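Peer 1: Handing you this structure, nothing more for now.
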Amino acid sequence: MDWLADKWIFLLMFSGYTAILIRHAIEGNKKTKNVTDYFIGGRSLGGITIGLSFFATYSSTNSFIGFSGQAYSYGIGWLLVAPCAVIFSLMAWLIVAPKLRRFTEHLDSVTVPDFIGFRYGSDNARLIAAVIVIFSSFLYMTAVFKGAGNLLQSFLDMSYELAIFVVLIIVMLYTTVGGFISVARTDAVQGIIMCFAAMVLFWGTSSSSGGVDTLFDLDISKDGANLLSWDTAMPFTVLLGVMMASTMKFMVEPRQLSRFYAISGDKSIATGRIVSTAAFFIVYTLLVPIGLYAHRIIETPLADSDMVVPTLLTNNAVFNPLLSSFLVLAMVAAAMSSLDSVLLVMASTFHRDIISIKKVERTKELHIRATRMYVIVGALITAIIALRPPGGIVTLTSFSGSLYAACFLPAILLGLHWRRGNSLAVCSSMVAGAVVLLLWPFLPISGSIHRVFPAMLLSAILYIFFTQTRENTADKRVDTLFAHSSS
């Protein structure tokens with residue numbers, strides 16, 4: 001009874017929020033008539049909804065817990081992740097969104113791997129891209145589950161395993177039932193909640209630390225590290241790679257790009273760009289200094305920066321029960337807004353681009369039913385991995401982002417803006433990027449340069465070389481699209 005008396009505010013908020021999710025799932029299910037509806041909302045969603053969804057699906061607990069607390073260990077250099085997020089998200093809307101929306105509609109593409117396969121006329125490229133998407137999705141979702149688990153474990157005094165189970169059941173059910181329409185609408189609500197939560201989190205933490213202007217007063221942390229140095233925890237070139245890997249993926253990550261598939265047209269793209277950029281600027285400017293302010297509040301040094309925000313939320317001197325309950329709800333919402341999108345991307349990729357790559361489903365209903373089954377399987381596997389995660393939130397997020405950046409940047413960016421391209425170019429580019437990422441830590445110079453830089457460099461070089469020396473293998477519809485774009 002004491003536990004219920006302490007946590008009733010959060011439980012009431014969480015029940016109301018869950019009711020909204022159930023409603024969105026039911027409405028999404030009613031509006032899902034075919035595969036395109038289930039995967040990408042029938043390419044009919046508006047700019048405000050997609051702009052908020054683009055922001056919300058990225059801003060998971062990885063941001064509210066991982067990114068917010070990371071400056072606790074990394075120091076002032078971590079503040080640069082905010083402009084990185086704003087710049088790369090804006091570039092995605094400017095450079096990728098317009099052409100990707102047009103290309104994918106004409107190619108009848110609903111996943112990133114099938115776009116790559118159609119663009120280069122290569123089932124091999126499509127299959128390689130699908131494997132990359134699935135592997136990276138498992139890593140990213142593990143990080144999100146870890147963040148949500150740590151948060152609920154600290155705030156509700158429940159076991160980590162039970163916390164994972166609660167998040168798993170809710171996300172798995174509404175994603176399976178409602179599809180993309182449910183996910184996008186839920187993301188829009190979650191995006192608004194997260195904007196207010198970032199303001200509350202910054203205000204409470206900065207006030208408790210002595211005020212906003214105390215940010216740069218703390219030179220040395222309790223463990224002796226110089227927090228105002230650009231290389232507090234690692235060489236700056238490595239830190240820059242971590243930040244870029246975590247944000248550059250805006251332009252190539254399937255869960256982000258699926259928003260561009262779903263948006264209704266150019267006018268909606270312009271609206272979505274404004275909404276998304278404003279949300280990223282406000283929220284990330286407020287989130288990334290939290291770890292620095294925390295040094296003035298948390299007396300006992302923390303070994304894991306992922307525990308900074310959960311520790312602040314359980315401190316009644318920083319947040320009263322009402323505010324802490326709202327913040328925890330917002331962060332659980334943040335976790336769900338990413339998990340649902342990645343689950344849908346992973347399941348659709350596995351079924352469409354691996355299982356069914358060479359065959360046509362008997363009915364569209366069977367296609368949707370199979371994808372729903374893979375949503376459940378993917379969620380269960382990831383939750384099991386998250387019980388013993390192989391790394392911290394930022395580590396897993398950064399590697400997942402590095403994989404997408406190294407493997408997909410040439411394939412997608414050059415594929416949209418350069419008429420030429422072939423199967424060998426794109427396959428060698430993706431494989432080389434992945435191999436360099438995996439092997440780079442074993443090289444002597446790995447400690448001074450983040451692996452994403454050499455991986456992207458080799459990936460781009462191979463793509464350009466084989467594009468220049470081999471014949472095009474692109475789908476014939478691609479030539480028509482480029483001709484239309486240049487006319």
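Peer 1: Would you mind stating whether residue 135 is in a helix (DSSP H, G or I), surrounded by 17 or more Cβ atoms within 10 Å (Cβ to Cβ) and either among the aromatic types (Phe, Trp, Tyr) or out of contact with any Ser or Thr (no Cβ under 9 Å at 6 or more places or on another chain) (or both)?
Peer 2: Numbers: in a helix (DSSP H, G or I): yes; surrounded by 17 or more Cβ atoms within 10 Å (Cβ to Cβ): no; either among the aromatic types (Phe, Trp, Tyr) or out of contact with any Ser or Thr (no Cβ under 9 Å at 6 or more places or on another chain) (or both): yes.
Considered against the rule, which asks whether it is in a helix (DSSP H, G or I), surrounded by 17 or more Cβ atoms within 10 Å (Cβ to Cβ) and either among the aromatic types (Phe, Trp, Tyr) or out of contact with any Ser or Thr (no Cβ under 9 Å at 6 or more places or on another chain) (or both), residue 135 comes out as no.
Peer 1: Still on this model: Among the residues of region 466-477, are any farther than 28 Å from residue 398 by Cα and of a type in the set (A, V, I, L, M)?
Peer 2: Yes, region 466-477 has at least one match.
Peer 1: So, residue 396, is that one under 23 Å from residue 115 (Cα atoms) and crowded, with 20+ Cβ neighbours inside 10 Å or not?
Peer 2: no
Peer 1: Still on this structure, please answer the following. Quick check on residue 170: is it among the β-branched types (Val, Ile, Thr) and over 19 Å from residue 53 (Cβ atoms)? Even if it seems obvious, please write down each step before you answer.
Peer 2: Values: among the β-branched types (Val, Ile, Thr): yes; over 19 Å from residue 53 (Cβ atoms): no.
Criteria not met by residue 170.
Peer 1: State the number of residues belonging to region 180-214 that are within 21 Å of residue 62 (Cα to Cα), of a type in the set (Ser, Thr, Tyr) and at pLDDT 85 or above.
Peer 2: 2
Peer 1: Could you list, in sequence order, the residues of region 432-487 that are small (Gly, Ala, Ser) and either without any contact (Cβ under 8 Å) to a residue 24 or more places away in the chain or farther than 30 Å from residue 242 by Cα (or both)?
Peer 2: Restricting attention to region 432-487, the residues satisfying the condition of being small (Gly, Ala, Ser) are 432-434, 446-448, 455, 459-460, 474, 483, 485-487.
Once the filter is applied, which keeps residues that are small (Gly, Ala, Ser) and either without any contact (Cβ under 8 Å) to a residue 24 or more places away in the chain or farther than 30 Å from residue 242 by Cα (or both), region 432-487 yields 446, 474, 483, 485, 486, 487.
Peer 1: Name the residues in region 52-71 that are among the aliphatic types (A, V, I, L, M) and within 9 Å of the chain's Cα centre (by Cα), would you?
Peer 2: Quick first cut of region 52-71, residues among the aliphatic types (A, V, I, L, M) only: 52, 56, 65, 71.
Scanning region 52-71 gives a single hit, 56.
Peer 1: If I filter region 306-316 for residues that are hydrophobic (A, V, I, L, M, F, W, C), farther than 30 Å from residue 342 by Cα and in contact (Cβ under 8 Å) with a residue 24 or more places away in the chain, do I get at least one hit?
Peer 2: Of the residues in region 306-316, the ones hydrophobic (A, V, I, L, M, F, W, C) are 307-309, 312-313.
Next cut, farther than 30 Å from residue 342 by Cα only: none.
The answer is no, given that none of the residues of region 306-316 is hydrophobic (A, V, I, L, M, F, W, C), farther than 30 Å from residue 342 by Cα and in contact (Cβ under 8 Å) with a residue 24 or more places away in the chain.
Peer 1: Do you know which of the residues in region 264-306 that are part of a helix (DSSP H, G or I) and of a type in the set (S, T, N, Q) is nearest to the chain's Cα centre (by Cα)? Full working, then the answer.
Peer 2: To start, the set of residues in region 264-306 that are part of a helix (DSSP H, G or I) comprises 266-287, 290-294, 305-306.
With the extra rule that they be of a type in the set (S, T, N, Q), the set shrinks to 268, 271, 276-277, 285, 305.
Working: 268: 22, 271: 21, 276: 14, 277: 15, 285: 18, 305: 19 Å.
Once the filter is applied, the top-ranked residue is 276.
Peer 1: Starting from region 7-27, keep only residues that are in contact (Cβ under 8 Å) with a residue 40 or more places away in the chain, then list their pairs with residues that are part of a helix (DSSP H, G or I) and charged (D, E, K, R) whose Cβ atoms are within a distance under 7 Å, requiring at least 6 positions of separation or different chains.
Peer 2: Pairs found: 24/185.
Peer 1: Among the residues of region 248-263, what is the count of those that are within 11 Å of the chain's Cα centre (by Cα) and within 14 Å of residue 41 (Cβ to Cβ)?
Peer 2: Of the residues in that region, 2 qualify.
Peer 1: Look at region 153-180 and say how many of its residues are within 26 Å of residue 254 (Cα to Cα) and aromatic (Phe, Trp, Tyr).
Peer 2: Here the count works out to 3.
Peer 1: For region 78-99, state whether one or more residues are surrounded by fewer than 24 Cβ atoms within 10 Å (Cβ to Cβ), of a type in the set (D, E, K, R) and part of a loop (DSSP other than H, G, I, E, B).
Peer 2: no
Peer 1: I'd like to know if region 405-418 contains one or more residues that are over 21 Å from the mean Cα position of the chain (by Cα) and closer than 29 Å to residue 144 by Cα. If you could, list the steps in order and put the result at the bottom.
Peer 2: Kept after step one, since they are over 21 Å from the mean Cα position of the chain (by Cα), are these residues of region 405-418: 414-418.
In the following step, the residues that additionally are closer than 29 Å to residue 144 by Cα were identified as none.
Looking for residues that are over 21 Å from the mean Cα position of the chain (by Cα) and closer than 29 Å to residue 144 by Cα, one finds none in region 405-418, hence no.
Here is a yes/no grid of residues against (1) surrounded by fewer than 21 Cβ atoms within 10 Å (Cβ to Cβ); (2) closer than 17 Å to residue 66 by Cβ:
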| site | (1), (2) |
| --- | --- |
| 286 | no, yes |
| 298 | yes, yes |
| 309 | no, yes |
| 324 | no, no |
| 344 | no, no |
| 375 | no, no |
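Peer 1: Being modelled with pLDDT under 90 and within 22 Å of residue 129 (Cβ to Cβ) narrows it down to one of 400, 337, so name that one.
Peer 2: 400
Peer 1: Another one. Are any residues in region 41-69 at positive phi and surrounded by 24 or more Cβ atoms within 10 Å (Cβ to Cβ), and if so, which ones?
Peer 2: 41 - this is the single residue of region 41-69 that is at positive phi and surrounded by 24 or more Cβ atoms within 10 Å (Cβ to Cβ).
Peer 1: Same structure, new question: So, of the residues in region 346-373 that are at pLDDT 85 or above and either in contact with a Gly (Cβ under 7 Å, 6 or more places away or on another chain) or among the acidic types (Asp, Glu) (or both), which turns out to be surrounded by the most Cβ atoms within 10 Å (Cβ to Cβ)?
Peer 2: 346
Peer 1: OK, next. Filter region 106-117 for residues that are assigned to a helix (DSSP H, G or I) and at pLDDT below 90 and give the result.
Peer 2: Within region 106-117, the subset assigned to a helix (DSSP H, G or I) is 106, 112-117.
Matches in region 106-117: 106 only.
Peer 1: Let me ask something else about it. Looking at (1) surrounded by 14 or more Cβ atoms within 10 Å (Cβ to Cβ); (2) closer than 19 Å to residue 129 by Cβ; (3) aliphatic (A, V, I, L, M), which is the one condition that is false for residue 457?
Peer 2: (2)
The values are calculated or read from the model by the stated rules, or taken from the named source; none is laboratory data. Treat the numbers as computed from the prediction; the structure is a model and nothing was measured. Glycine gets a Cβ as well: all are built from the backbone with ideal geometry, and neighbour counts include every protein chain shown.
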